[in-house]
DNA sequence: ATGGCTACGATCCGTAGA
């Protein structure tokens with residue numbers, strides 16, 4: 001099974017690229033973030049024609065998440081029960097025996113801001129939510145935009161980013177609290193080249209300079225990690241015209 | 001120099017992203 005995550009930054013704008021990428025990469029399950037559209041505007045018919053059924057939690061302008069699957073999905077669940085939130089950031093479903101949780105973690109804007117506090121509280125809720133999911137589902141994958149670069153090697157210029165949003169120690173500690181549950185960063189299960197990132201700022205020719213962060217991840221439970229045989233980031237869509245600022249992450253599971 | 005793109009929903013700029 002090929003499991004992917006991609007922050008598309010508007011499903012409306014990115015639909016042609018998404019369809020092209022689905023045809024080229026042929027993933028079985030895809031977690032999408034930042035749909036920026038309500039469910040009624042989700043391009044269900046186009047994706048069905050491409051062979052995918054969708055579980056969608058949409059929102060106008062901001063946020064919005066979905067899971068695409070070639071196989072029918074069961075037990076679709078929206079949000080975190082113990083953390084009521086207007087912001088549509090979490091959707092989960094079971095596909096081909098694997099429990100898939102799609103997350104769009106808060107950005108946090110700036111360290112010390114109100115949104116930063118929300119981000120840390122949200123991460124605390126995510127930890128509790130995933131603890132429960134792990135108890136029920138030994139084969140668990142949590143894929144999405146975590147908005148945290150877990151280590152300095154996930155940052156193009158650690159000196160410049162030191163203490164900043166996405167890399168501050170409380171954020172990294174919140175991210176590590178997920179791994180303390182037993183979840184593993186699939187990307188780091190394998191030898192990887194240096195300076196591989198999943199997001200590049202639209203400004204300053206950041207992509208051309210490879211000035212990026214690795215903030216999109218696929219976390220896997222121990223039982224799923226044992227079946228994970230590869231994980232990589234596909235930079236190709238970031239080179240297209242009118243790209244998302246994020247690139248897809250892909251994990252292969254036997 | 002704290003900017004610089006991009007998307008959105010509202011206008012012809014503000015908010016947000018990261």
| task | Report, by residue number, each residue of segment A:149-173 that is buried (at least 21 other Cβ atoms within 10 Å of the Cβ) and under 26 Å from residue A:253 (Cβ atoms). | result | A:149, A:150, A:154
| query | Which one of the conditions (1) under 30 Å from residue A:26 (Cβ atoms); (2) under 17 Å from the mean Cα position of the chain (by Cα); (3) assigned to a helix (DSSP H, G or I) does residue A:153 fail to meet, given that it meets all the rest? | reply | (2)
| message | Can you list the strands (runs of 3 or more DSSP E) lying wholly within segment A:30-80 that have 2 or more residues being over 18 Å from residue A:140 (Cα atoms)? | response | A:53-57
| message | Just checking, does segment A:96-117 include any residue being modelled with pLDDT of 95 or more, away from DNA strand B (no atom under 11 Å from the Cβ) and part of a helix (DSSP H, G or I)? | response | yes
| query | Restricting segment A:56-83 to residues that are crowded, with 21+ Cβ neighbours inside 10 Å and within 18 Å of residue A:248 (Cβ to Cβ), which is nearest to DNA strand B (Cβ to nearest atom)? | reply | A:64
| said: On the basis of being in a strand (DSSP E or B), farther than 16 Å from residue A:127 by Cβ and within 16 Å of DNA strand B (Cβ to nearest atom), does residue A:143 make the cut? | reply: yes
| message | Name the single residue that is farthest from residue A:219 (Cα to Cα) among those in segment A:229-246 being surrounded by fewer than 13 Cβ atoms within 10 Å (Cβ to Cβ) and in contact (Cβ under 8 Å) with a residue 12 or more places away in the chain. | response | A:242
| request: Inspect all residues belonging to segment A:192-204 and state whether any of them is closer than 22 Å to residue A:66 by Cβ and either away from DNA strand B (no atom under 11 Å from the Cβ) or part of a strand (DSSP E or B) (or both). | output: yes
| query | Which of (1) at positive phi; (2) without any contact (Cβ under 8 Å) to a residue 60 or more places away in the chain; (3) more than 18 Å from the chain's Cα centre (by Cα) is the odd one out, the single condition residue A:96 does not satisfy? | reply | (2)
| query | Do the conditions hold for residue A:35, that is, is it buried (at least 19 other Cβ atoms within 10 Å of the Cβ), in contact with a strand residue (DSSP E or B) (Cβ under 7 Å, 6 or more places away or on another chain), within 26 Å of residue A:215 (Cβ to Cβ) and modelled with pLDDT of 95 or more? | reply | yes
| field | Of all residues in segment A:10-29 being under 16 Å from residue A:143 (Cβ atoms) and touching a residue at least 60 places away in the same chain (Cβ under 8 Å), the one that is farthest from DNA strand B (Cβ to nearest atom) | value | A:28
| said: Taking the criterion of being surrounded by 13 or more Cβ atoms within 10 Å (Cβ to Cβ), within 26 Å of residue A:206 (Cβ to Cβ) and over 18 Å from the mean Cα position of the chain (by Cα), would at least one residue in segment A:127-148 satisfy it? | reply: no
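The values are calculated or read from the model by the stated rules, or taken from the named source; none is laboratory data. Bear in mind that the values here come from a model prediction, so they are computed numbers and not experimental data. Backbone-built Cβ (ideal geometry, glycine too); neighbour counts: all protein chains shown.
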